[in-house]
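Read the structure below first, then the notes.
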Amino acid sequence: MTFEALQQADKQNVLQTYSRFPVAIDWGEGATLYDVEGKKYIDFTSGIGVNSIGYGNAKWAEAITTQAMKLGHISNLFYSEPYIKLAETLCQRSGMTSAFFANSGAESNEGVIKLARKYSFDKYGKGRGTILTLNQSFHGRTITTLAATGQDVFHNYFFPFTDGFRTTPTNDMEGISAVAGHDVCGVLLELVQGEGGVLPVDKDFVHSLAVLCAERDWLLLIDEVQTGVGRTGSLFAFQQYGILPDAVSFAKGIAGGLPFGGFLVNERCKNVLGPGTHATTFGGNPVCASAALAVLDILDETALSAVQEKGTYLREQIEAMGSPLLGTPRGLGMMIGIPVKERNNRELAARLVQRGLLCLTAGKDALRFLPPLTITKQEMDDGLSILRQVLSDLEEPGK
Ligand SMILES: *Cc1c(COP(=O)(O)O)cnc(C)c1O
């Protein structure tokens, strides 16, 4: 089908909840994609942080097909090898103690919210169910995770939202103390706020917060749905922050493109959610777990240190462009945000896409780059030269 035919059929048959770029992607290889008309694109989006190992990875595809032929699904009424091996690998590589598997970021966050409330209920009874979240955070699109999200634009239309969330200023311990009542059971935060604008949270603040959580017996819940699975150059971002969370959620990049997620808990929390307290039909699906095992195998220590280097390279190259339309790039590893000046960030992203560089926006004013972690130097350079070209066209007067 042509792009126009696809667009028309989408309009007729699909809820119009997304404002899509006018491109229909057909296939890809590495970090390079082709649309239905054969036009080539460099991908700096990874399907919003999902395609961590790029497109057409043979090892990943083989893990999926082999498992699909063997056993596609079985439910959590039975044991199966892939999710068990995956839990073991994740615990070994993160220092956490046990895993729960889910299907999306929002669902994984719902799990850690339930964990904190149950932990507190078991010890202190009712009335201690409030979770603190940060300004500019994003935790998902369910009614509860929208309530947890610390951006007012998300608190609309769908009333009533779930009670028991309080937003506090980011990087501000006094702000936290001011709203921290006796009803609090945990704090949920991203270490680099992704959707909010690619805003790294201060290390000192995170350390102080961890101390406060220990003092008050609050759970420290880290949302690594976007930062996890190598995106920031370590398996989880918390490993660069020198903390051990009580729970950490993940999703996006974990299975390299299949819908999968979950959370890990530490020793203190391993018995909080017992039989019957939490479940999901597809959780730990064998095909998704096998895909995740392949992803983790590919993202070994060498690949993770390459993520650091590539991220640094991209940030340095962008800064060296010296464009008056861009501020200083920020972020961690290959999670990069660039403030856009004088122009609208969405408008700039649309121009880049049109010229062959797929990219994202974040917050009110930033461009966001989340390239596949396995992107090559050549692909990065091709993407950067499209960026350079689009910027220099815009800088010319009269454009
Ligand atoms: C994307 C994202 C979510 C939501 O994940 P879904 O899979 O869309 O439910 C939650 N938290 C963070 C930090 C995210 O980036």
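Counting only DSSP beta bridges with both residues in the chain, the antiparallel share comes to about 60 percent. Taking 1.567 mPa s as the viscosity and 4 °C as the temperature, the Stokes-Einstein diffusion coefficient of region 113-167 based on its alpha-carbon Kirkwood radius rounds to 111 µm²/s. Entry for region 38-121 at q = 0.13, 0.20 Å⁻¹: log10 I(q)/I(0) = -0.67, -1.27, Debye formula applied to identical alpha-carbon scatterers, no solvent contribution. Taking 369, 205, 158 as the candidate residues, the one with maximal mean-square fluctuation in a Gaussian network model of the chain, Cα springs under 10 Å, is 158. Think of a 1.4 Å ball rolled over the protein heavy atoms: the chain then has 45 Å² of accessible area per residue.
If each residue of separation counts as 0.36 nm, what is the full-extension length gain between residue 14 and residue 174 once their alpha-carbon separation is subtracted?
On the way: separation 160, 0.36 × 160 = 57.60 nm, distance 4.67 nm.
The span from residue 14 to residue 174 would gain 52.9 nm if fully extended.
What FRET efficiency comes out for the pair residue 163/residue 396, r = Cβ-Cβ distance, R0 = 51 Å, nearest 0.05?
0.45
Applying the criteria of a DSSP loop state and at most 10 other Cβ atoms within 10 Å to the GluC sites (Glu not before Pro) of region 1-61 yields 37.
Between residue 165 and 131, the built amide H atoms are under 5 Å apart, and every one of these is 5 or more places off in sequence or on another chain. If the segment from residue 316 to residue 73 were pulled out straight at 0.36 nm per residue, it would be longer than the present Cα-Cα gap by 83.0 nm.
Relative to the Cα centre, the charge distribution of the chain, modelled as +1 at Lys and Arg Cβ and -1 at Asp and Glu Cβ, gives a dipole magnitude of about 580 debye.
If the chain linking residue 388 and residue 62 were pulled fully straight, counting 0.36 nm for each residue of separation and taking away their Cα-Cα distance, it would gain 113.6 nm.
Dipole of the chain computed with +1 at Lys/Arg Cβ and -1 at Asp/Glu Cβ about the Cα centre; of 322, 162, 373, farthest Cα towards the positive end is 162. Cβ-Cβ distance of residue 91 and residue 40, R₀ of 41 Å, FRET efficiency by 1/(1 + (r/R0)^6): the value works out to about 0.50.
For the chain, adding -39500 (n - 2.57) for each run of n ≥ 4 DSSP H residues and dividing by the number of residues yields -12000 deg cm²/dmol at 222 nm. Taking Lys and Arg as +1 and Asp and Glu as -1, the other residues whose beta-carbon sits under 14 Å from that of residue 108 total -2. Tell me, what is the Rg over Rh of region 242-399, with Rh the Kirkwood radius over Cα pairs? For region 242-399, the value is 1.07. Against the chain, whose longest principal axis comes from its Cα atoms, helix 301-320 is set at around 50 degrees. Packing here is the average count of other Cβ atoms within 10 Å per residue, and on that basis the peptides 298-304, 112-118, 273-279, highest first, run 112-118, 298-304, 273-279. Evaluating 6.51 cos²θ - 1.76 cosθ + 1.60 at θ = phi - 60° for every residue in region 43-48, the Karplus couplings come out as 9, 10, 10, 6, x, 6 Hz, glycine and proline recorded as x.
Of all beta bridges DSSP finds with both residues in region 93-209, what is the antiparallel percent, to the nearest 5? Roughly 20 percent of the beta bridges in region 93-209 run antiparallel, per DSSP.
If you filter region 1-42 for chymotrypsin sites (Phe, Trp or Tyr not before Pro), then keep DSSP loop positions with at most 15 other Cβ within 10 Å, what is left? Of the chymotrypsin sites (Phe, Trp or Tyr not before Pro), the ones in loops of region 1-42 whose Cβ has at most 15 other Cβ atoms within 10 Å are 18.
Helix 105-124 and the longest principal axis of the C-alpha atoms of the chain enclose an angle of approximately 20°. Computed from Cα positions, the angle between helix 345-355 and the longest principal axis of the chain comes to roughly 50 degrees. What a 1.4 Å probe finds exposed on the chain is 54% carbon and sulfur by accessible area, rounded to a whole percent. By the compact-protein rule of thumb, 2.2 N^0.38 Å, the alpha-carbon radius of gyration of the chain corresponds to a ratio of 0.99. Calculated on the Cα set of region 345-399, radius of gyration then Dmax: 11.8, 39 Å. Extending 7 Å from the Cα toward the beta-carbon at both residue 270 and residue 344 defines two label points whose distance is 5.3 nm.
The values are calculated or read from the model by the stated rules, or taken from the named source; none is laboratory data. Keep in mind it's a predicted model, so treat the numbers as computed, not measured. No Cβ is skipped: glycine too gets one built from the backbone with ideal geometry, and neighbour counts run over all protein chains shown. With ligands, DNA and RNA removed, areas are computed over all heavy atoms of the protein, side chains included. Shrake-Rupley method; radii C 1.70, N 1.55, O 1.52, S 1.80 Å.
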